[in-house]
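The values are calculated or read from the model by the stated rules, or taken from the named source; none is laboratory data. Quick caveat: nothing in here was measured; it's all calculated off a predicted structure. Backbone-built Cβ (ideal geometry, glycine too); neighbour counts: all protein chains shown. For the accessible areas, the whole protein counts, side chains as well, though only heavy atoms, and no ligand, DNA or RNA atoms are used. Shrake-Rupley method; radii C 1.70, N 1.55, O 1.52, S 1.80 Å.
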Amino acid sequence: FQLGKDCILQLAQCLSSTSLDPASSITLGVSGKNSSFYACLCEELLSQDKEAFERVIVGVVSIISDNLSKCDTVLDNTNGGGLVQVSALTAVCSFKKAAAVVPKVDNFLLPAAGTSQASKKKTAPLPPPPAGATPQQQQIYRMMVAMSHGSQSYLGRSGPALEKETLLGRVMKIGTPMNNPTITSQFQNAARSRSEVKKSTENLRRQLKIYQDSVYSLVKALITAGEGGRKPVMQWFTDALLVNFGATALRPDETKVSNPQTLQNISVVLLRLCEPFMNDPSRIHPGFVSSPEHHGGIFVNSGDNAVPRLNDNGETPSDPYNPKNTFIPLTFFLCVRSLTLSVVASAAYHTNIVRQVNHMGWVLRQRNANVLADPNFNNYLSRQCASEVSLLAPEMTVDTLRFFNLSSGFLLQVADEFLPGMPEHMVEDVCDYVVFATRFAPRDMERVDLGNIFKTVVKLLSPKYAATMRNYNLRAKLGDVLHDVYLPDKKDNDVPSAVTCDPKAGGLPYLLSDSSAQDTLAPSLLLLYGEVEHTGYYEKMTHRAKIASLLQYLWESHEHRSAFKRITQNKDSFIKFANGIMNEMNSLIASVMEKLPEIRRVHEQMRNSEEWGGLSDEQRETITSRHEENEHEVKQALPLCNKTLKMLGFLSTDNDIRSLFLLEEMCPRLVNMLLHVMTKLIGARGMELKVDNPESYNFRPREMLTDLCSIFSCYADASHFQEHCAKSGYYTEDLMNKAVKTCAKLNTLTTENMELFASLPGKVKLVSKNIQDDEALFVDAPDEFLDPLMCTFMRDPVLLPTSNTIIDRATITQHLLNDPHDPFNRKELTVDMIEPATELKQRMAEWVAGKRSERDNKMQE
């Protein structure tokens, strides 16, 4: 055999040329693959010379690997294309002992970290100059290519090295990369013909699926060849994840990370490897992530590549990692890490592309430009279409959702001692991807059971696990999942009822049927409403609008009423939630009521063609830009304004919840907030709020006033509420009487609520006289009886141990809701540290009693 001319090349070509044709394949025999020509050849070589057998197999694989290096897409036909070459590799591996030899090929694995080869710089070859170019033209061409390509050097251990140098990297890089001209050219003029885009997409997806199936067959053949094949293949996957740590960046460094298509193909293979246990999370051992020996560095919790945990302060479990089956947790957690680097990162990138395409289209239409003919717009649109080929392929979406339901099932059953040590992105990826799917692939969601995801979200939001997961942005995302995926009958998305409803509960929505949700979700959402204060300004408005919608849905469901009752048992948590409402409404109303008059003025200015035409182009552009910003802010703020008022309204109908709003530390803020809104709606400058097409801004003043007055009616009989109305600087008798007359005219309140609301001005007037009488008593009160911040007579003096200062309990409680520091020396302070000033309170009570006695005696005289 060794005397045969070019025997290795001939064998490689034979395997390639027959790989897709079973009739002529040399790996299939009459009695199966073991009787094939190829199997007999391998057996003969082994019997003669094992080393020669290995040299032949390595030589054949090297030839195929070189051919693969010349392919980038499933459309490339060099040497038959990627599918032919991968099928040839799979054919090589059809003989198990040959499959075990494949990892011995040069550069099967990347150089080990820390070696000279790992840090060696390599340069990718530049495209050759056109045929027939003169030496001078060739030099100019190389200079231009070098300038356009920028730095193409990469390290020996890096993402580019993975796909350019290693065998499996060359296999994984082939697909439908969205930045490849061969792929984007399939979507030229995508804006003109949707049918052509659909046709191109389906054709590419069909070819990609065939290729990915072939890749999986290759990897499976290597893994099942025994330890000699399985170990290096799993090490390759580990290395692939390690060198692509930076793939989650908004703009990944192409000299450091692999192409997104490479990473997506890796995920496809790992998802298939997880198939045998996709419905059985009990087979996954959580100790893998805390065992460096086994995870190989992909879950390190320190250094530049640290992977944050759900709770970095959690203790590492002491039990050694020793599962019965090591392959299952290895495959599962490799897939966990792979999806965050590939599918989830690509989903975020795709969302940005869609946003850019929409914005560019809007700008072009504003300029009356031809959107369809704009080359830049079509370039971005072709990239969007190319991205959708692999990312939004139905099989990819379904398999990813199934895996996330598996990982959620794992988190649902994992012991509490292991939960804090789980990777934070494990939860975040589930949140990001399912919300992404509701927007871009809602129909594919119908094919997957997402029950575990719902139950895990409820679990992690519950008060029991609030201390385990303290990342407020991540907790806010959990609330978004409940709203975007599981809240039924929303107008703004197309999530099928099969997703929102539990098939095991007769089709009832998960929000109503799940027992854990019935027990904990209402208090969890109230807590979350306060927590999202720590997210971004615009983000918190979006989060709170969704939480308010969820709370209203739960409030209207009898299944959750008992949970709302239990909310009152945790006074501190409720006060944080109520404080969030006050902060939100004050901020929103201030912003909206400032912007609406500006919007009105611009509308009037634009209607006056003479005045508008007299402005310069620069002035009009400045005014228009500012006007658009104001409209954006108002459209963001008003939905939350409306929902927050409604939420406050339905909560105030409950006696126990209402009693918490009437606490000394809450009632003054509630009164001032309600009166502030009323002043803006029907006060002297209320006419300035009338804008063109108010519904387009979600501005519904009649509905807002109805909700507001309904809230007032709930508290009208409460003497404490009446007292703080009288004390409020926003309150005037004229304002309240005007509100009563307006409501009576509009006939928007029930008869009972209208009577209660109408009685409030008279009650406040009576209370005002009593307050004036009491304030007269306190005119000459000793300084030690006065609140040091408010200069008012203290009702409940307390001692701050951090500064040894005495202050009114209501004052310091309100302060600590927004700032956990002693206002007198900025030391950390919490409510539970405050001590009652019992002796001073006794002296104050005696002083007041004496003053009242003096006043009563004078009146009798």
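Tally time: how many residues in the range 736-751 are in contact (Cβ under 8 Å) with a residue 24 or more places away in the chain, of a type outside the set (Ser, Thr, Tyr) and open to solvent by 30 Å² or more (accessible area, probe 1.4 Å)? The total comes to 3. Evaluate the following for Lys769: is it of a type in the set (D, E, K, R) and either farther than 26 Å from Asn672 by Cα or within 43 Å of the chain's Cα centre (by Cα) (or both)? No; evaluated as a whole, the condition is false for this residue. Of the helices (runs of 4 or more DSSP H) lying entirely inside the range 703-779, the ones with 2 or more residues being at pLDDT 90 or above and over 30 Å from Met794 (Cβ atoms) are found at 733-746, 751-777.
Here Glu665 meets the list (1) buried (at least 17 other Cβ atoms within 10 Å of the Cβ); (2) of a type outside the set (Lys, Arg); (3) part of a helix (DSSP H, G or I) almost entirely, failing just condition (3).
Note on the range 637-649: residues that are farther than 15 Å from Gly580 by Cβ, out of contact with any Lys or Arg (no Cβ under 9 Å at 6 or more places or on another chain) and modelled with pLDDT under 90 total 1. Of the helices (runs of 4 or more DSSP H) lying entirely inside the range 427-544, those containing at least 1 residues that are in contact (Cβ under 8 Å) with a residue 24 or more places away in the chain, open to solvent by less than 10 Å² (accessible area, probe 1.4 Å) and among the small types (Gly, Ala, Ser) are 451-461, 472-481, 515-531. Based on this model, can you work out whether Lys198 counts as under 30 Å from Ala99 (Cα atoms) and surrounded by fewer than 19 Cβ atoms within 10 Å (Cβ to Cβ)? No: the conditions fail for Lys198.
Evaluate the range 353-371: report whether one residue or more is without any contact (Cβ under 8 Å) to a residue 12 or more places away in the chain, among the polar types (S, T, N, Q) and not in a helix (DSSP H, G or I). Steps first, answer last, please.
Within the range 353-371, the first condition is being without any contact (Cβ under 8 Å) to a residue 12 or more places away in the chain, and the residues that meet it are 355, 358-359, 362-363, 365-370.
Within this subset, residues satisfying the condition of being among the polar types (S, T, N, Q) are 358, 366, 368, 370.
Those left that are additionally not in a helix (DSSP H, G or I): 368, 370.
Yes, the conditions are met somewhere in the range 353-371.
Taking residues in the range 755-776 that are open to solvent by less than 60 Å² (accessible area, probe 1.4 Å), and partners anywhere that are of a type in the set (Val, Ile, Thr) and assigned to a helix (DSSP H, G or I), the pairs with Cβ atoms closer than 6 Å and at least 6 places apart or on different chains are Ala758/Val740.
Can you name the residue in the range 171-187 that is assigned to a helix (DSSP H, G or I) and of a type outside the set (S, T, N, Q) and is also farthest from Pro260 (Cα to Cα) among such residues? By that ranking, first place goes to Phe187.
None of Leu364, Leu334, Leu372 is at pLDDT 90 or above and not basic (Lys, Arg) except Leu334. Report yes if some residue within the range 98-116 is part of a helix (DSSP H, G or I), of a type in the set (Asp, Glu) and out of contact with any Cys (no Cβ under 6 Å at 6 or more places or on another chain); otherwise report no. The answer is no, given that none of the residues of the range 98-116 is part of a helix (DSSP H, G or I), of a type in the set (Asp, Glu) and out of contact with any Cys (no Cβ under 6 Å at 6 or more places or on another chain). Of all residue pairs spaced 6 or more apart or on separate chains, those with beta-carbon atoms under 8 Å, a first member in the range 229-246 that is over 14 Å from Phe333 (Cα atoms) and assigned to a helix (DSSP H, G or I) and a second member that is among the aromatic types (Phe, Trp, Tyr) and open to solvent by less than 30 Å² (accessible area, probe 1.4 Å) are Pro232/Phe108; Trp236/Phe108.
Examine the range 311-333 for a residue that is within 25 Å of the chain's Cα centre (by Cα) and of a type in the set (A, V, I, L, M), and state whether such a residue exists. Spell out how you get there, then give the answer.
Residues of the range 311-333 within 25 Å of the chain's Cα centre (by Cα): 311-314, 331-333.
Filter once more, so that each one left must be of a type in the set (A, V, I, L, M): none.
The answer is no; no qualifying residue exists.
When Ser193 is tested against the conditions (1) among the polar types (S, T, N, Q); (2) under 16 Å from Leu75 (Cα atoms); (3) surrounded by fewer than 20 Cβ atoms within 10 Å (Cβ to Cβ), the lone failure is (2).
Could you grab me the full set of residues in the range 691-735 that are among the charged types (D, E, K, R) and open to solvent by 50 Å² or more (accessible area, probe 1.4 Å)?
Across the range 691-735, the qualifying residues are Asp692, Glu695, Arg700, Arg702, Glu703, Asp717, Lys727, Glu733, Asp734.
Determine which member of the set Leu242, Leu250 is among the aliphatic types (A, V, I, L, M) and more than 27 Å from Pro394 (Cα to Cα). Don't jump to the end; show me each part of the working.
Details: Leu250 fails: more than 27 Å from Pro394 (Cα to Cα).
After applying the criteria, what remains is Leu242.
Taking the range 8-34 as the range and being at pLDDT below 85, open to solvent by less than 50 Å² (accessible area, probe 1.4 Å) and part of a helix (DSSP H, G or I) as the test, only Thr18 passes.
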